[in-house]
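Colleague: Would you mind keeping the following structure in view while I ask a few things?
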Amino acid sequence: MNKDIIDWVFSFFHLILLIGVIIYAVVSLFMGNTVRFGVIMACLAAYYFLVLHKNVMKEIRKNKKKGGTGENKK
(Lines give C-alpha, C1' and ligand atoms only; values in the text may rest on other atoms or scores of the structure.)
Protein backbone atom coordinates (compact mmCIF):
# COMPACT_ATOMS: atom_id res chain seq x y z
CA MET A 1 0.00 0.00 0.00
CA ASN A 2 1.20 3.52 -0.74
CA LYS A 3 2.86 5.29 2.23
CA ASP A 4 0.90 8.50 1.56
CA ILE A 5 -2.39 6.65 1.83
CA ILE A 6 -1.33 5.01 5.10
CA ASP A 7 -0.25 8.38 6.50
CA TRP A 8 -3.57 9.93 5.44
CA VAL A 9 -5.63 7.15 7.06
CA PHE A 10 -3.54 7.38 10.25
CA SER A 11 -4.00 11.17 10.40
CA PHE A 12 -7.74 10.98 9.68
CA PHE A 13 -8.25 8.31 12.36
CA HIS A 14 -6.46 10.43 14.96
CA LEU A 15 -8.39 13.54 13.94
CA ILE A 16 -11.68 11.68 14.49
CA LEU A 17 -10.45 10.51 17.92
CA LEU A 18 -9.38 14.05 18.83
CA ILE A 19 -12.77 15.48 17.86
CA GLY A 20 -14.48 12.74 19.88
CA VAL A 21 -12.43 13.51 22.99
CA ILE A 22 -13.14 17.24 22.68
CA ILE A 23 -16.88 16.56 22.31
CA TYR A 24 -16.73 14.26 25.35
CA ALA A 25 -15.00 17.00 27.35
CA VAL A 26 -17.60 19.62 26.35
CA VAL A 27 -20.48 17.26 27.20
CA SER A 28 -18.87 16.62 30.58
CA LEU A 29 -18.64 20.36 31.15
CA PHE A 30 -22.33 20.88 30.37
CA MET A 31 -23.25 18.00 32.69
CA GLY A 32 -21.49 19.84 35.51
CA ASN A 33 -18.28 17.82 35.67
CA THR A 34 -15.78 20.66 35.38
CA VAL A 35 -12.92 18.64 36.84
CA ARG A 36 -13.20 16.02 34.07
CA PHE A 37 -13.35 18.80 31.46
CA GLY A 38 -10.26 20.46 32.92
CA VAL A 39 -8.26 17.24 33.09
CA ILE A 40 -9.14 16.25 29.51
CA MET A 41 -8.31 19.69 28.11
CA ALA A 42 -5.05 19.88 30.10
CA CYS A 43 -4.02 16.46 28.79
CA LEU A 44 -4.88 17.46 25.21
CA ALA A 45 -2.84 20.66 25.57
CA ALA A 46 0.12 18.73 26.99
CA TYR A 47 -0.16 16.17 24.17
CA TYR A 48 -0.12 18.94 21.58
CA PHE A 49 2.94 20.66 22.98
CA LEU A 50 4.89 17.49 23.80
CA VAL A 51 4.11 15.51 20.64
CA LEU A 52 2.59 17.57 17.85
CA HIS A 53 3.84 21.16 18.07
CA LYS A 54 7.30 20.54 16.60
CA ASN A 55 5.89 18.70 13.57
CA VAL A 56 3.10 21.24 13.04
CA MET A 57 5.60 24.09 12.95
CA LYS A 58 7.87 22.12 10.59
CA GLU A 59 4.93 21.53 8.22
CA ILE A 60 3.97 25.22 8.29
CA ARG A 61 7.54 26.25 7.43
CA LYS A 62 7.65 23.67 4.62
CA ASN A 63 4.39 24.97 3.12
CA LYS A 64 5.57 28.57 3.32
CA LYS A 65 8.80 27.65 1.59
CA LYS A 66 6.90 25.86 -1.20
CA GLY A 67 4.59 28.85 -1.60
CA GLY A 68 1.29 27.59 -0.27
CA THR A 69 -0.75 24.46 0.26
CA GLY A 70 -0.15 23.02 -3.17
CA GLU A 71 -3.18 24.60 -4.84
CA ASN A 72 -2.77 25.96 -8.33
CA LYS A 73 -2.04 29.67 -8.23
CA LYS A 74 -3.22 31.93 -11.04
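The values are calculated or read from the model by the stated rules, or taken from the named source; none is laboratory data. Please read all numbers here as calculations on a predicted model, not as lab measurements. Ligands, DNA and RNA are stripped out before the accessible areas are found, and what is left, the full protein with its side chains, is counted by its heavy atoms. Shrake-Rupley method; radii C 1.70, N 1.55, O 1.52, S 1.80 Å.
Colleague: Ignoring everything except DSSP H segments at least 4 long, calculate the 222 nm mean residue ellipticity for the chain; use -39,500 (n - 2.57) per segment, divide by total residues, nearest 500.
Modeller: -26000 deg cm²/dmol
Colleague: GNM on the chain, C-alpha springs below 10 Å: top fluctuator among I60, I19, I40?
Modeller: Highest fluctuation among the options: I60.
Colleague: Separate question: Per residue, what accessible area does the chain have, given a 1.4 Å probe and all protein chains present, in Å²?
Modeller: 91 Å²
Colleague: Now for a separate question. Could you give the length gained by full extension between H53 and N33, i.e. 0.36 nm per residue of separation minus their alpha carbon distance, to one decimal place?
Modeller: Once the chain is fully extended between H53 and N33, it gains 4.4 nm.
Colleague: Across the chain, what fraction of all alpha-carbon pairs, as a whole percent, falls in each successive 10 Å bin from zero upward?
Modeller: Histogramming the chain at 10 Å steps yields 16, 31, 31, 16, 5, 0 percent.
Colleague: Of all accessible surface on the chain at a 1.4 Å probe, what whole percent is carbon and sulfur?
Modeller: Summing carbon and sulfur atoms, their accessible area is 70 percent of the total for the chain.
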